[in-house]
Amino acid sequence: MDSPNGYLYRTNFSVAGVEDKGAGYIRYAAAQKLFEEKGGDFTPGWILDNPARSFYHGLMQTDLKDRSDKELGNGYVISQDYIPRYTTTSSIVFEGVNPGDDPRKTILWSTIGYAPCSYAIPVWVGAEGDIPACLSMDGKSLAPANSLAMDLKGVVFPVTRGSGNKYLDYLTLRRDILPEVTKAEDKEIAEGDKLKKLLDGKGFDLEAIREFNKKADKRFEAFCEKMKKVINK
């Protein structure tokens, strides 16, 4: 048990292993602070929009969101030891069911790619292969949601030579991308919660999930259209 509320936090080092060996200590401190400040009632939406996209630094104890546009100057910051990293490939939350309930209603909230540039879309475990097309590779090298997230990551990490991947254009991320990501995710969570309540009332319904997936793809297409303006700036 790492905290008074009984939750475990883990990054890339062994808590029970050799002291100071491994990585992730600063990210661990950031996660611990964020979760303990929240205290409880951790919804999928809160986890995906807070720790997963947080730019609070566990060592310096500063948060980029507190810096004004003027303080950010040309917008670039050194992206080191924040919870979302340049190499981050996904952010997921499993939302289980209560004891005795149908396990097929377990939800995987899936944010593919660099979390600040992507929003969560729910997938019902019991639907197996029936998932939104935007989350499926379907013979492509990347799923459409991942491809878009990669393009947006290229916008906020535009320096490709030398140590360029350490330099994040945080101002562009905060101004042009995060608001749209948050808006899209809020809508997706609201729609996902509606279906979750429906399934709680009538039981597992694969056809209802398939219909949800079609609408999720349309919402994703609308998000893509908005983000094209950012990518093509």
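The values are calculated or read from the model by the stated rules, or taken from the named source; none is laboratory data. Since the structure is predicted, the reported quantities are computational estimates derived from the model, not experimental observations. Please note: Cβ atoms are built from the backbone with ideal geometry, for glycine as well, and neighbour counts cover all protein chains shown. Side chains included, ligands, DNA and RNA excluded: accessible areas come from the protein's heavy atoms. Shrake-Rupley method; radii C 1.70, N 1.55, O 1.52, S 1.80 Å.
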Would you point out which residue out of 129, 164 is farther than 24 Å from residue 95 by Cα, out of contact with any Cys (no Cβ under 7 Å at 6 or more places or on another chain) and at pLDDT below 95? 164
Would you pick out the residues in segment 67-85 that are loosely packed, with under 13 Cβ neighbours inside 10 Å, touching a residue at least 40 places away in the same chain (Cβ under 8 Å) and either charged (D, E, K, R) or closer than 15 Å to residue 47 by Cα (or both)? 69
Going by the structure shown, is residue 127 within 25 Å of residue 12 (Cβ to Cβ), in contact (Cβ under 8 Å) with a residue 12 or more places away in the chain, open to solvent by less than 20 Å² (accessible area, probe 1.4 Å) and of a type in the set (Gly, Ala, Ser)? no
Filtered residues of segment 18-40 (kept if open to solvent by 80 Å² or more (accessible area, probe 1.4 Å) and aliphatic (A, V, I, L, M)): 18
Listed residues 43, 62, 88; which is surrounded by 11 or more Cβ atoms within 10 Å (Cβ to Cβ) and in contact with a helix residue (DSSP H, G or I) (Cβ under 7 Å, 6 or more places away or on another chain)? 88
Just give me the residues in segment 130-152 being in contact (Cβ under 8 Å) with a residue 60 or more places away in the chain and either within 18 Å of residue 111 (Cβ to Cβ) or surrounded by 18 or more Cβ atoms within 10 Å (Cβ to Cβ) (or both), in sequence order. 131, 132, 133, 134, 144, 145, 148, 151, 152
